[in-house]
Amino acid sequence: KSNRPHPAHLLANSDLKFQLFEAMRDNIHMTMLLRLILYICCWMPIINVAYAFHIQSPLPLVSFRQQQQQQQGLCSTRTTSKFTDVRSKSPSPSSSKPESPLSLTLEQLSSRIKGKGRAQLSWDCLRLGIDPLLFYNPNYPEEELDNAFHNIDTETKDEDEDEDKDEQLQSQRQGRGREDIQKYFPTKRRSQSMGNKALKKLSQIYPSPLGIESSIATLSSVTTSSDGTTKFLLKLSNNVGISDSDGSSDGSGASNSNSNTSSEYFIETVIIPHPDWKKSTLCISSQVGCAQGCVFCATGKMGKLDSLSADQILIQLYYANKICRLDEKDILPPIDNIVFMGMGDAADNIEAVSKAVGVMTDRSCFGLAPSKITISTVGPNPEAFGDLAKADAVLAWSVHAARDDLRKRLVPTTKHTMEELRDGLVGALVGRSKRLRNVMLEVTLMDGINDGIREAEEMAVFALNIIDRVEGVKLMINLIPFNDIGYEQYRRAKVENIKKFQEVLVSNGVKTFVRTTRGDDESAACGQLATKKTKKKKQELKDEVVAP
């Protein structure tokens, strides 16, 4: 009886057991809750990645062949291929002047995609001729990154060619993967990549989901002359709006501007290699055709069809860098110099040209020095020089003759005297910084027309007037031997006449050079650019130019 516990002790023990039971039950509930939270935390990243890549992927996972078929209307944009892009929203191709990353400086692109690092990674690709949206997409086949160039090789081959050439082409395509391209990147960014969120923001700037090449212009053909000069033809896409520049005719027989983007427009661009200097010059077009109607120029025969947008100007440099990078024969050094001396007159498309030059000279974009870019114009009016002088580049004036009557004969659209135009040029040069007070006067010499001693003396007086009025100006006259365009009344000046013309200028203290003719055997020389219709089979080009 003495060993039996007191009732008070029994009550205390039962309370303790109840408290212990409650604590254990709460602990079990807490443990289960913690396990559930841990389970969710472990699986959510995997679920997010799967959801992002398979449901909300912003990447244009369309193969190169499918891009071509979509453009030709041969297949629907909603394809079931593993490279299909399921996009909830895409930029409308019907907008008047959509932009692409190609026409945005580093600062502008950084603002659009919310990050300077992302913009730098994008421009690492663009300056090499690579679409960053495809390059940083791990699901896009790396062997198709440069198919725009390789596809030209396959299309230009005859059906009877040996299989050895097919194997050679296949070997060229190999070894051009992402790792090989990254060797051109800055060292600190070679291992970096763009995330899904960054690619989605980048894709929203593209004019269409087909990629930057198919959205702006596609590479149609590439021809190389015996001296290495390479001319390539670009077919403009309907997805990028044409510049809204005034396209009125000047009564020269040139066509009025046609803004019907359903027409197929082509532009020509020329790469002029300088192997001894280990660099190349790129001759860029600013318009489809030209309204100035110079009687000795093939482009003038086309008339002005349209002005190019900044994207369509810059895509020429984009493709040129691609072609130089993929050059297997090692005859095309990197582009180091650009001249706006292709199709069109820069003064008729000032806004787009100035914007393109701004991207070219941006150190984080194409990174070209302003002194390496030359903008050429016929000078339609005195004010044109001042407008072009706002661009960070060297000015060039296609003079051809200093006497009013002769110049009017060569450039029928001329409405101002040479004195008025010269005053406009002088005013533009005076307003520039001394580092950009450079000007080139271009003279195309034709036999018996403007290659005489009289014309040389008039040109010397004309040039000396500019030198005397502009302090610190660096003036040079570039004598260009006429290149045949099929006009019997115009012939190239004789070599002895060109030398005498140069001697007159030099003796008067005017720096003068004679341009070496390059690419004339492939109609790629100065004054010979005019787009033509091409046949699918390997035949010579037709004589007529492309017009809507």
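Would you please state which residues of the stretch 332-346 a label at Ser371 would reach in this model, taking the label point 7 Å out along Cα→Cβ and a backbone N cut-off of under 18 Å?
Hits in the stretch 332-346 for Ser371 at 18 Å: 336-339.
I'd like the Karplus ³J(HN,Hα) series for the stretch 509-515: coefficients 6.51, -1.76, 1.60, θ = phi - 60°, whole numbers in Hz, and an x wherever there's a Gly or Pro.
Values per residue, Gly and Pro as x: x, 9, 5, 9, 10, 9, 6 Hz.
Along the Cα→Cβ direction, 7 angstrom out, place labels at Ser433 and Lys201. What is the inter-label distance in nm?
3.1
What nm distance separates the two modelled labels at Asn151 and Glu503, each placed 7 Å from Cα along Cα→Cβ?
The two pseudo-label positions are separated by 5.6 nm.
Quick one: 3J(HN,Hα) in Hz for the stretch 312-329, Karplus 6.51/-1.76/1.60 with θ = phi - 60°, rounded, Gly and Pro as x.
6, 6, 6, 5, 5, 5, 4, 5, 4, 5, 5, 5, 5, 5, 8, 5, 7, 7
Using only Cα atoms, what is the ratio of the radius of gyration of the stretch 274-357 to 2.2 N^0.38 Å?
Output field value: 1.20.
Could you run the Debye sum over the Cα atoms of the stretch 316-416, one equal point scatterer each and no solvent, and tell me log10 of I(q)/I(0) at q = 0.11, 0.12, 0.21, 0.22 Å⁻¹, two decimals?
-0.42, -0.48, -1.06, -1.12
If amide H atoms are built 1.01 Å from N in the plane of the peptide, which residues on other chains or at least 5 residues away come under 5 Å of the amide H of Asn337?
Ser280, Leu282
Step through the residues of the stretch 127-141 one at a time and calculate ³J(HN,Hα) from phi using the Karplus curve (6.51 cos²θ - 1.76 cosθ + 1.60, θ = phi - 60°), rounding each to whole Hz and writing x for Gly and Pro.
3J(HN,Hα) across the stretch 127-141, in whole Hz: 5, 9, x, 10, 7, x, 5, 8, 5, 8, 8, x, 8, 8, x.
For a Förster distance of 56 Å, can you work out the FRET efficiency between the beta-carbons of Val222 and Asn27, rounded to the nearest 0.05?
Calculated value: 0.15.
Please report the equivalent ellipsoid semi-axes of the stretch 109-156, computed as sqrt(5 x eigenvalue) of the Cα gyration tensor, largest first, in whole Å.
Largest first, the stretch 109-156 gives 26, 11, 7 Å.
Which far-off residues, 5 or more places away or on another chain, put their amide H under 5 Å from the one on Leu445, with H placed in the peptide plane?
When sequence neighbours closer than 5 places are left aside, the close amide H contacts are Ile480, Phe482.
Determine the gain in length on full extension of the stretch Ile467-Met44; use 0.36 nm per residue of separation and subtract their C-alpha separation, reporting nm with one decimal.
145.0 nm
Compute the length gained on full extension between Lys390 and Lys114: take 0.36 nm times their separation in residues and subtract their Cα-Cα distance, giving the result in nm to one decimal.
Separation in residues times 0.36 nm, less the Cα-Cα distance, equals 96.4 nm.
For Asp484 and Glu419, what is the calculated FRET efficiency with R₀ set at 22 Å and r taken between the beta-carbons, to the nearest 0.05?
After rounding, the FRET efficiency stands at 0.10.
Using packing as a proxy for protection, rank 31-38, 219-226, 281-288 so that the peptide with the highest average count of other Cβ atoms within 10 Å comes first.
Going from most to least packed, we get 281-288, 219-226, 31-38.
Each reported figure results from applying straightforward, stated rules to the coordinates on display, with no laboratory input. Quick caveat, the model's predicted, so the values are computed rather than measured. Don't worry about glycine lacking a Cβ; one is built from the backbone with ideal geometry, like all the others, and counts go over all protein chains shown.
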